[in-house]
Amino acid sequence: MPRSGGRPILAGPLSPARRGVVTELVVLLRERGDALVAEALTMMTEARLEHYDAAGLPTVRQRLATLLEVVLSCLESGEADEIVTYMTRVGRERFSAGYDLLEVQTSANVMEETLWRRIPSLVDPAEVPRALGLVSSLFSAAKDALARTYVSLAASATARPGKDAGGGGDDTPGE
């Protein structure tokens, strides 16, 4: 059940029956977690993204596994707060490391696409639209948070010539 005050994935509470379907979906996705991450990793490799290629397969695999776990946690809670916080942090880290927004958005896109491909075979056909809607809502919130972070950091970097994206600069003592 969503905690009060959180950002719900979809408007309105889930009925107990639908909550059970979501719980079952999370269990099924967790059981297939390694395969889901492997599929997303293949898609990332095929995308040929400069910074992700340079990071290496073990690092990218771990990042995708973490993203999947955050998604599953949000599905369990019925709220998007955790993924928004996570993607905001990722946005700051990747921006500071010189990643292009498109590269980071692609990592979210491949995980979303992987889930879209697998969910229809895991849930009752009547529940597929709801399950895909939950996933889409989560990733929409995630990608929005990521884009907002990048835009904010880019605007700050542009507004402060001579300063790095992290807020430090040549006039900061001890640097």
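The values are calculated or read from the model by the stated rules, or taken from the named source; none is laboratory data. Keep in mind it's a predicted model, so treat the numbers as computed, not measured. Positions of Cβ are generated from backbone atoms using ideal geometry, with glycine treated the same way; all protein chains shown enter the neighbour counts.
Applying the set (1) at positive phi; (2) at pLDDT 95 or above to PRO58 leaves exactly one unmet item: (1). Considering segment 104-133, the residues that are of a type in the set (D, E, K, R) and at pLDDT below 95 include one that is surrounded by the fewest Cβ atoms within 10 Å (Cβ to Cβ), namely ASP124.
Within segment 100-114, residues that are touching a residue at least 12 places away in the same chain (Cβ under 8 Å) sit with their Cβ atoms under 7 Å from residues that are of a type in the set (Gly, Ala, Ser) and crowded, with 17+ Cβ neighbours inside 10 Å, at 6+ positions apart or across chains, in these pairs: VAL104/GLY91; ALA108/ALA142; VAL110/ALA40; MET111/ALA40; THR114/ALA40. When GLU69, GLU93 are screened for being at pLDDT 95 or above, assigned to a helix (DSSP H, G or I), closer than 16 Å to LEU29 by Cα and of a type outside the set (Val, Ile, Thr), only GLU69 passes. Can you tell me which residues in segment 76-96 are in contact with a Leu (Cβ under 8 Å, 6 or more places away or on another chain) and either more than 19 Å from ALA54 (Cα to Cα) or among the β-branched types (Val, Ile, Thr) (or both)? Result: GLY78, ALA80, ILE83, TYR86, MET87, THR88, VAL90.
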